[in-house]
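To start, the structure under review is shown below, and the notes come after it.
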Amino acid sequence: MISTAKDEGFVVGVGGRSRAELVQLLLNKGVLLNSHAETLLAHPAFEAPRSQSLRIVERTVDELGFRRGAVQPRIFAAARDQGLELCPLVTGPYLRLATMDQANAPDSVLSAGHAPTGAIHVASEPLSNDVDPKGFYLRVVDGQPWLRGYRCDDTYVWEPEQRLAFVLPAR
(Lines give C-alpha, C1' and ligand atoms only; values in the text may rest on other atoms or scores of the structure.)
Protein backbone atom coordinates (compact mmCIF):
# COMPACT_ATOMS: atom_id res chain seq x y z
CA MET A 1 0.00 0.00 0.00
CA ILE A 2 1.41 3.36 -0.96
CA SER A 3 -0.31 5.40 1.72
CA THR A 4 -2.22 4.85 4.90
CA ALA A 5 -4.14 8.12 4.64
CA LYS A 6 -5.84 7.83 1.28
CA ASP A 7 -6.09 11.54 0.57
CA GLU A 8 -2.65 12.45 1.88
CA GLY A 9 -0.42 9.98 0.07
CA PHE A 10 3.30 10.29 0.59
CA VAL A 11 6.06 12.34 -0.97
CA VAL A 12 8.68 10.69 -3.14
CA GLY A 13 11.64 12.40 -4.77
CA VAL A 14 12.03 11.62 -8.47
CA GLY A 15 14.66 12.56 -11.02
CA GLY A 16 18.06 14.10 -10.39
CA ARG A 17 20.04 10.95 -11.23
CA SER A 18 21.52 9.81 -14.49
CA ARG A 19 20.08 6.70 -16.09
CA ALA A 20 23.24 4.74 -15.22
CA GLU A 21 23.11 5.85 -11.57
CA LEU A 22 19.43 4.95 -11.29
CA VAL A 23 19.86 1.51 -12.85
CA GLN A 24 22.84 0.80 -10.62
CA LEU A 25 20.86 1.86 -7.54
CA LEU A 26 18.00 -0.47 -8.53
CA LEU A 27 20.45 -3.34 -8.99
CA ASN A 28 22.20 -2.57 -5.67
CA LYS A 29 18.83 -2.75 -3.90
CA GLY A 30 18.08 -6.14 -5.49
CA VAL A 31 15.30 -4.88 -7.76
CA LEU A 32 14.66 -7.16 -10.72
CA LEU A 33 13.62 -5.75 -14.11
CA ASN A 34 11.76 -7.33 -16.98
CA SER A 35 12.61 -6.52 -20.60
CA HIS A 36 9.73 -4.00 -20.82
CA ALA A 37 11.11 -2.08 -17.83
CA GLU A 38 14.54 -2.06 -19.49
CA THR A 39 12.94 -0.66 -22.66
CA LEU A 40 11.24 2.10 -20.66
CA LEU A 41 14.46 2.92 -18.80
CA ALA A 42 16.18 3.41 -22.18
CA HIS A 43 13.71 6.19 -23.06
CA PRO A 44 15.13 9.74 -23.40
CA ALA A 45 13.04 10.83 -20.39
CA PHE A 46 15.71 9.15 -18.24
CA GLU A 47 18.66 11.04 -19.76
CA ALA A 48 18.55 14.03 -17.40
CA PRO A 49 15.27 14.12 -15.48
CA ARG A 50 14.87 17.15 -13.26
CA SER A 51 14.64 16.52 -9.57
CA GLN A 52 11.19 17.03 -8.07
CA SER A 53 9.06 15.91 -5.16
CA LEU A 54 5.71 14.32 -5.94
CA ARG A 55 2.86 13.41 -3.59
CA ILE A 56 1.82 9.92 -4.65
CA VAL A 57 -1.60 8.45 -3.91
CA GLU A 58 -3.06 5.09 -4.75
CA ARG A 59 -6.52 4.42 -6.13
CA THR A 60 -8.25 1.30 -7.37
CA VAL A 61 -10.20 1.29 -10.61
CA ASP A 62 -13.32 0.85 -8.47
CA GLU A 63 -12.47 3.92 -6.35
CA LEU A 64 -12.22 5.91 -9.57
CA GLY A 65 -15.85 5.00 -10.29
CA PHE A 66 -15.64 1.81 -12.32
CA ARG A 67 -17.22 -1.06 -10.40
CA ARG A 68 -16.99 -3.35 -13.43
CA GLY A 69 -13.59 -2.18 -14.61
CA ALA A 70 -12.66 0.14 -17.46
CA VAL A 71 -10.14 0.76 -20.20
CA GLN A 72 -7.04 2.83 -19.48
CA PRO A 73 -8.14 6.04 -21.26
CA ARG A 74 -11.38 6.13 -19.22
CA ILE A 75 -9.51 5.41 -15.99
CA PHE A 76 -7.01 8.20 -16.61
CA ALA A 77 -9.79 10.64 -17.56
CA ALA A 78 -11.70 9.81 -14.36
CA ALA A 79 -8.56 10.33 -12.27
CA ARG A 80 -8.01 13.74 -13.87
CA ASP A 81 -11.68 14.62 -13.21
CA GLN A 82 -11.05 13.80 -9.53
CA GLY A 83 -8.06 16.16 -9.37
CA LEU A 84 -5.31 13.60 -9.79
CA GLU A 85 -2.47 13.81 -12.28
CA LEU A 86 -0.56 11.17 -14.17
CA CYS A 87 2.95 10.48 -12.96
CA PRO A 88 5.95 11.45 -15.08
CA LEU A 89 7.42 8.33 -16.68
CA VAL A 90 10.51 8.60 -14.48
CA THR A 91 8.39 8.03 -11.35
CA GLY A 92 8.33 4.23 -11.64
CA PRO A 93 11.91 3.41 -10.58
CA TYR A 94 11.93 6.02 -7.81
CA LEU A 95 8.61 4.77 -6.47
CA ARG A 96 9.96 1.21 -6.53
CA LEU A 97 12.93 2.35 -4.42
CA ALA A 98 10.66 4.24 -2.01
CA THR A 99 8.34 1.26 -1.48
CA MET A 100 10.73 -1.61 -0.93
CA ASP A 101 8.45 -2.73 1.92
CA GLN A 102 5.58 -3.48 -0.49
CA ALA A 103 3.66 -6.61 0.50
CA ASN A 104 4.49 -9.89 -1.18
CA ALA A 105 2.11 -10.84 -4.01
CA PRO A 106 -0.31 -13.64 -3.11
CA ASP A 107 0.90 -15.63 -6.12
CA SER A 108 4.16 -15.91 -8.01
CA VAL A 109 2.82 -15.76 -11.57
CA LEU A 110 4.82 -13.06 -13.35
CA SER A 111 2.89 -12.77 -16.59
CA ALA A 112 -0.51 -14.15 -17.49
CA GLY A 113 -2.06 -11.71 -19.97
CA HIS A 114 -3.85 -9.78 -17.22
CA ALA A 115 -2.92 -7.44 -14.38
CA PRO A 116 -0.92 -9.44 -11.85
CA THR A 117 -2.12 -9.74 -8.27
CA GLY A 118 -0.46 -7.39 -5.81
CA ALA A 119 0.74 -5.02 -8.51
CA ILE A 120 0.68 -1.24 -8.30
CA HIS A 121 0.68 0.32 -11.76
CA VAL A 122 2.29 3.74 -12.05
CA ALA A 123 -0.24 5.81 -14.00
CA SER A 124 1.75 7.67 -16.66
CA GLU A 125 1.07 8.91 -20.14
CA PRO A 126 1.84 6.11 -22.61
CA LEU A 127 4.88 6.83 -24.75
CA SER A 128 3.03 5.88 -27.91
CA ASN A 129 -0.19 4.31 -29.15
CA ASP A 130 1.66 1.02 -29.59
CA VAL A 131 0.96 -1.82 -27.19
CA ASP A 132 4.62 -2.20 -26.07
CA PRO A 133 5.30 -1.08 -23.27
CA LYS A 134 2.80 1.33 -21.71
CA GLY A 135 4.36 1.96 -18.31
CA PHE A 136 5.76 0.55 -15.09
CA TYR A 137 4.28 -1.50 -12.31
CA LEU A 138 5.66 -2.51 -8.92
CA ARG A 139 5.35 -5.95 -7.47
CA VAL A 140 7.06 -8.20 -4.94
CA VAL A 141 7.16 -11.89 -5.83
CA ASP A 142 8.56 -14.50 -3.46
CA GLY A 143 10.20 -11.70 -1.46
CA GLN A 144 11.90 -10.25 -4.55
CA PRO A 145 11.09 -6.62 -5.51
CA TRP A 146 10.34 -6.09 -9.19
CA LEU A 147 10.07 -3.06 -11.43
CA ARG A 148 8.26 -4.32 -14.48
CA GLY A 149 6.95 -2.76 -17.64
CA TYR A 150 3.48 -3.65 -18.83
CA ARG A 151 1.74 -3.95 -22.18
CA CYS A 152 -1.88 -3.39 -23.08
CA ASP A 153 -3.99 -1.74 -25.73
CA ASP A 154 -6.86 0.72 -25.33
CA THR A 155 -9.41 -2.11 -25.42
CA TYR A 156 -7.97 -3.97 -22.42
CA VAL A 157 -10.37 -3.74 -19.44
CA TRP A 158 -8.65 -3.14 -16.11
CA GLU A 159 -10.30 -5.00 -13.20
CA PRO A 160 -12.00 -2.99 -10.42
CA GLU A 161 -9.46 -4.07 -7.80
CA GLN A 162 -6.45 -3.03 -9.91
CA ARG A 163 -4.34 -0.47 -8.03
CA LEU A 164 -2.75 2.58 -9.63
CA ALA A 165 -0.42 5.30 -8.36
CA PHE A 166 -1.19 8.93 -9.28
CA VAL A 167 0.17 12.34 -8.36
CA LEU A 168 -1.87 14.45 -5.96
CA PRO A 169 -1.01 18.00 -7.01
CA ALA A 170 -0.05 20.62 -4.43
CA ARG A 171 -2.96 22.79 -3.36
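Restricting attention to the stretch 98-124, the residues that are modelled with pLDDT of 90 or more and surrounded by fewer than 18 Cβ atoms within 10 Å (Cβ to Cβ) add up to 3.
Would it be correct to say that residue 50 is farther than 21 Å from residue 139 by Cα, basic (Lys, Arg) and free of Cβ contacts under 8 Å to residues at least 12 places away in the same chain? Criteria not met by residue 50.
Using the structure shown, decide if residue 14 is farther than 30 Å from residue 82 by Cβ and either surrounded by 12 or more Cβ atoms within 10 Å (Cβ to Cβ) or not hydrophobic (A, V, I, L, M, F, W, C) (or both). So residue 14 fails the test. Of the residues examined, residue 40 is one that is of a type in the set (A, V, I, L, M), closer than 26 Å to residue 157 by Cβ and touching a helix residue (DSSP H, G or I) at 6+ places or on another chain (Cβ under 9 Å). When residue 30 is tested against (1) out of contact with any Ser or Thr (no Cβ under 9 Å at 6 or more places or on another chain); (2) closer than 14 Å to residue 97 by Cα; (3) among the small types (Gly, Ala, Ser); (4) not in a loop (DSSP other than H, G, I, E, B), only condition (4) is not met. If you go through the stretch 53-67 and keep only what is touching a strand residue (DSSP E or B) at 6+ places or on another chain (Cβ under 8 Å) and either at pLDDT below 95 or surrounded by fewer than 14 Cβ atoms within 10 Å (Cβ to Cβ) (or both), you end up with just 53. Annotation note: of 146, 158, the sole residue that is closer than 20 Å to residue 23 by Cβ and surrounded by 15 or more Cβ atoms within 10 Å (Cβ to Cβ) is 146. Which condition number does residue 151 fail, the rest of (1) touching a Pro at 6+ places or on another chain (Cβ under 7 Å); (2) of a type outside the set (Asp, Glu); (3) crowded, with 18+ Cβ neighbours inside 10 Å being met? For residue 151, the exception is condition (3). Scan the stretch 74-102 and report the pairs whose first residue is touching a residue at least 24 places away in the same chain (Cβ under 8 Å) and in a loop (DSSP other than H, G, I, E, B) and whose second residue is of a type in the set (Phe, Trp, Tyr) and crowded, with 21+ Cβ neighbours inside 10 Å, with Cβ atoms within less than 7 Å and a gap of 6+ or a chain change. Going by the 7 Å Cβ cut-off, the qualifying pairs are 84/166; 86/76; 86/166.
Scanning the stretch 50-63 for residues that are in contact with a Lys or Arg (Cβ under 9 Å, 6 or more places away or on another chain), assigned to a loop (DSSP other than H, G, I, E, B) and either more than 20 Å from residue 158 (Cβ to Cβ) or hydrophobic (A, V, I, L, M, F, W, C) (or both) gives 51, 61. Scanning the stretch 140-171 for residues that are farther than 20 Å from residue 57 by Cα, in contact with a Ser or Thr (Cβ under 8 Å, 6 or more places away or on another chain) and not in a loop (DSSP other than H, G, I, E, B) turns up just one, 141.
Somewhere in the stretch 142-150, is a residue modelled with pLDDT under 90 and in contact with a helix residue (DSSP H, G or I) (Cβ under 8 Å, 6 or more places away or on another chain)? Scanning the stretch 142-150 turns up no residue that is modelled with pLDDT under 90 and in contact with a helix residue (DSSP H, G or I) (Cβ under 8 Å, 6 or more places away or on another chain).
The values are calculated or read from the model by the stated rules, or taken from the named source; none is laboratory data. Everything quoted here is computed from the prediction, not taken from an experiment. Because the Cβ atoms are built from the backbone with ideal geometry, glycine has one as well, and the counts that use them run over all protein chains shown.
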